[in-house]
1. Taking L195, is it at pLDDT below 95 and open to solvent by 30 Å² or more (accessible area, probe 1.4 Å)?
2. Please find, within segment 76-100, the residue that is most open to solvent (accessible area, probe 1.4 Å) out of those that are among the hydrophobic types (A, V, I, L, M, F, W, C) and within 19 Å of V165 (Cβ to Cβ).
3. Which of (1) over 18 Å from R4 (Cβ atoms); (2) modelled with pLDDT under 95; (3) out of contact with any Asp or Glu (no Cβ under 9 Å at 6 or more places or on another chain) is the odd one out, the single condition W166 does not satisfy?
4. Among the candidates F87, F52, which residue alone is aromatic (F, W, Y) and farther than 23 Å from P194 by Cβ?
5. Select from segment 32-76 the residues that are assigned to a loop (DSSP other than H, G, I, E, B) and among the aliphatic types (A, V, I, L, M) and write down the one among them that is farthest from F18 (Cα to Cα).
6. Considering only segment 18-36, how many residues are surrounded by 13 or more Cβ atoms within 10 Å (Cβ to Cβ) and within 16 Å of L46 (Cα to Cα)?
7. With the requirement that a residue be open to solvent by 50 Å² or more (accessible area, probe 1.4 Å) and at pLDDT 95 or above, what does segment 101-116 give you?
8. Please specify each residue of segment 125-148 satisfying the condition of being modelled with pLDDT of 90 or more and either among the hydroxyl-bearing types (S, T, Y) or open to solvent by less than 30 Å² (accessible area, probe 1.4 Å) (or both).
Amino acid sequence: MLHREGKATIMTTLIGLFVLNGLIGYLLPEWVIIQNIFIGLSIVFLIIILQFFRNPSIKPTLGDNLVISPADGKVVVIEEVMETEYFNEKRLQVSVFMSPFNVHVNRNPVGGVVKYFKYHPGRYLVAWHPKSSTENERTTTVIENPHKVQILFRQIAGALAKRIVWYVKEGQPVQQAGEMGFIKFGSRVDIYLPLDAKVKVELNQVVKGGRTILAELK
């Protein structure tokens, strides 16, 4: 299944490849090898675009005391940090990096009510850069779970990700593992947990959005 965010990109890609290969066939009618090479490269490029926008069905992992990974990718940060936008106190940060080959659907790590949301325009540093959390284009979402525990997470654009999409707003009830947004072409998600949360993942571990347990809450 393809994600709805890919419709315009896929259509534009198809039109562009069709025009390109048509021009090559018109300008180089006798260069059959060159035509075949461009056709082959076009097919490979289209497959890459299609796999980027895939949206497979999942069986989510659910639990009021669980924090689920918001995205497919690899854990690149686990550390205690000072969160200054909303909590203004120390939190445990867990960051998941999404390569262009990961599914880029973003999911709610907990269920509950959206208590805070803000979009921040910004730069496009590589997603693993230490300053990407505070200087890149990003969104900040805080969800309060049924036990009144608040979890903050950020969608962060990377060097290739030039568009962040979100489907949540303040005051909205959301389901755990439900879709909250999409980031195009490589990016990162940061999750900020209470200090007493029990982290269940390790650095460099591959995680699955909506399925892998990042932490247990007390």
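The values are calculated or read from the model by the stated rules, or taken from the named source; none is laboratory data. Computed from a prediction, not measured in an experiment: that's the story for all the values here. FYI the Cβ positions are ideal-geometry reconstructions off the backbone, even for glycines, and counts take in every protein chain you see. Ligands, DNA and RNA are stripped out before the accessible areas are found, and what is left, the full protein with its side chains, is counted by its heavy atoms. Shrake-Rupley method; radii C 1.70, N 1.55, O 1.52, S 1.80 Å.
1. Details: at pLDDT below 95: no; open to solvent by 30 Å² or more (accessible area, probe 1.4 Å): yes.
The answer is no for L195.
2. Filtering segment 76-100 for residues that are among the hydrophobic types (A, V, I, L, M, F, W, C) and within 19 Å of V165 (Cβ to Cβ), the one most open to solvent (accessible area, probe 1.4 Å) comes out as F97.
3. Failed condition: (1).
4. Working: F87 fails: farther than 23 Å from P194 by Cβ.
Of F87, F52, the one residue that is aromatic (F, W, Y) and farther than 23 Å from P194 by Cβ is F52.
5. Filtering segment 32-76 down to residues assigned to a loop (DSSP other than H, G, I, E, B) leaves 53, 55-65, 69-72.
Then keep just the ones that are among the aliphatic types (A, V, I, L, M); that gives 58, 62, 71.
Numbers: I58: 34, L62: 44, A71: 33 Å.
Per the stated criteria, the residue is L62.
6. Initially, segment 18-36 is screened for residues surrounded by 13 or more Cβ atoms within 10 Å (Cβ to Cβ), giving 20-21, 24-25, 28, 31, 34-35.
From the residues that got through so far, the ones that are within 16 Å of L46 (Cα to Cα) too are 20-21.
Residues meeting the conditions: 2.
7. Filtering segment 101-116 down to residues open to solvent by 50 Å² or more (accessible area, probe 1.4 Å) leaves 101, 113, 115.
Scanning segment 101-116 gives V113, K115.
8. First pass over segment 125-148, keeping only residues modelled with pLDDT of 90 or more: 139-148.
Listed by number, the residues that qualify are T139, T140, T141, V142, I143, N145.
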